[in-house]
1. For residues in the stretch 138-179 being closer than 26 Å to A126 by Cβ and touching a Pro at 6+ places or on another chain (Cβ under 8 Å), which is least open to solvent (accessible area, probe 1.4 Å)?
2. Which pairs turn up if I take residues in the stretch 170-189 that are more than 19 Å from T371 (Cα to Cα) and look for partners that are in a strand (DSSP E or B) and open to solvent by 70 Å² or more (accessible area, probe 1.4 Å) with beta carbon separation below 8 Å, at least 6 apart in sequence or on another chain?
3. Would you tally the residues in the stretch 139-198 being of a type in the set (K, R) and in contact with a Lys or Arg (Cβ under 8 Å, 6 or more places away or on another chain)?
4. Give me the strands (runs of 3 or more DSSP E) completely within the stretch 124-198, filtered to those with at least 1 residues that are within 25 Å of the chain's Cα centre (by Cα) and over 18 Å from L108 (Cα atoms), ordered by residue number.
5. From the list L228, L222, pick out the single residue that is within 28 Å of L51 (Cβ to Cβ), in contact with a strand residue (DSSP E or B) (Cβ under 8 Å, 6 or more places away or on another chain), surrounded by fewer than 20 Cβ atoms within 10 Å (Cβ to Cβ) and not small (G, A, S).
6. Considering each of K283, K273 in turn, give the residue that is more than 16 Å from A342 (Cα to Cα), open to solvent by less than 60 Å² (accessible area, probe 1.4 Å) and either in a helix (DSSP H, G or I) or among the charged types (D, E, K, R) (or both).
7. Taking the residues in the stretch 324-382 that are of a type in the set (K, R), over 12 Å from I304 (Cα atoms) and in contact with a Phe, Trp or Tyr (Cβ under 9 Å, 6 or more places away or on another chain) as candidates, determine which candidate is modelled with the lowest pLDDT.
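The values are calculated or read from the model by the stated rules, or taken from the named source; none is laboratory data. Because the structure is predicted, anything quoted here is derived from the model rather than measured. So basically every Cβ, Gly included, is an ideal-geometry build from the backbone, and we count neighbours across all protein chains shown. Surface accessibility is based on the protein's heavy atoms, side chains included, excluding ligands, DNA and RNA. Shrake-Rupley method; radii C 1.70, N 1.55, O 1.52, S 1.80 Å.
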Amino acid sequence: MSDLSHLKKTPLTGWHAAHGGRMVEYAGYEMPVQYEGVLAEHACVREKVGLFDITHMGEIFVSGPEAGAWIEGLVTNRVAKIAPGKIVYNAMCRKDGGVLDDMMVYRLGEADWMIVCNAANHDKIAAWLEKNLPASGVALDDRSDQVAMIAGQGPDSRELVCRLETLAGRADDVAGLDFYTSFLHDGPHGRWIVSRTGYTGEHGYELYLPNGDAESVWEELLAKGIDLGVAPIGLAARDTLRFEVCYCLYGHELAENVTPLEAGIGWAVKLKKECFVGLESLKAQKAAGVPRRIVCLEVTGRGIARQDARVLLDGRDVGFVTSGTFSPTLKKPLAMALVDAAVSDGDLAVDVRGKAIACRIVPFPFLAARTKGDPRAERTLP
């Protein structure tokens, strides 16, 4: 077993290790990759409700009278005029249009915001924000090491979250949340943010709470959800769940050498905005014709197409797999791939260890998300 002692811990790391979590390194953290097994955990979320420790995500708070306008100039989607309580999915780009990260931007109050970035990109995004910080009117407070994050996902997630004693009296607020909305709550050790968001394609919630509240809330959710079949879920099932509904994962569908237009999240890119970093490059790419696009593939031959496997059209290299696995729900090998924009049909295959395995393009997404109002369930084609 590899030594994980040098890695960052979440407030729940000890709990995971003590309750059968198989611990691995992920984005500098010691995290549980699975408990009972990927298939059982995946099914639990699709059919019942599962709990995820996602404390490794970054939470950077932004405040000040100019905060909204400043964030607007750094992200591809419109945020400056959203109401408090609203959340917007975004990409943050380099000047050349390459994606630094995809993220959620929360408006918590009139002059208070939160940027939730991917764990692997936290340091890069924190440095980017500092580099672009104006001389006045905006303040940054990176609380990533102080904020725990627990996600409850699945058809019974609303019932489960409403059972939390700390949220007694706020069941109507929980039940009334639309997708991509949130509310603030005073918890035992400080402010909570309760949001209706998630990364599984199922109805779900994400709770941001002080580290001191994490373990008691985690254990309470497990205890009060026994009749619902609740279970802790590892990173492996989190990946298969997001993959089936074709949500992008940074380092796979998104990267610094991939634009949001190529990745199919053009719906989150407002090219008519007055200004944001990367706008001119993305306008130019759209005008010239986006050169690559993400497609969904069903592997019809024998084999699994993993990340970076080359995609072949009539024997010619036309792109590569960004994510690929066996779908636990659909029970077939599937893949997403970034290919030349002109690719639409023909003798398609993926190169799996030197062997050409037949595949075909299928409609997006593999599995329809059951979250009304989730824009990530859309796909903007070049």
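1. Within the stretch 138-179, the subset closer than 26 Å to A126 by Cβ is 138-151.
Narrowing the set further to residues that are touching a Pro at 6+ places or on another chain (Cβ under 8 Å) leaves 146-148.
On the way: Q146: 107, V147: 17, A148: 1 Å².
Per the criteria, the residue is A148.
2. Pairs found: L184/R191; H185/R191.
3. Quick first cut of the stretch 139-198, residues of a type in the set (K, R) only: 143, 158, 163, 170, 191, 196.
Pick out the ones that are also in contact with a Lys or Arg (Cβ under 8 Å, 6 or more places away or on another chain) and you get 163.
The total comes to 1.
4. Numbers: elements: 139-142, 147-153, 182-187, 190-195.
Strands (runs of 3 or more DSSP E) meeting the threshold: 147-153.
5. Numbers: L228 fails: in contact with a strand residue (DSSP E or B) (Cβ under 8 Å, 6 or more places away or on another chain).
Among L228, L222, only L222 is within 28 Å of L51 (Cβ to Cβ), in contact with a strand residue (DSSP E or B) (Cβ under 8 Å, 6 or more places away or on another chain), surrounded by fewer than 20 Cβ atoms within 10 Å (Cβ to Cβ) and not small (G, A, S).
6. Numbers: K283 fails: open to solvent by less than 60 Å² (accessible area, probe 1.4 Å).
Answer to the selection: K273.
7. R379
Condition check ((1) buried (at least 20 other Cβ atoms within 10 Å of the Cβ); (2) modelled with pLDDT of 95 or more; (3) not in a loop (DSSP other than H, G, I, E, B)) across all residues:
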| position | (1), (2), (3) |
| --- | --- |
| R238 | yes, yes, yes |
| Y247 | yes, yes, no |
| A263 | yes, yes, no |
| R302 | no, no, no |
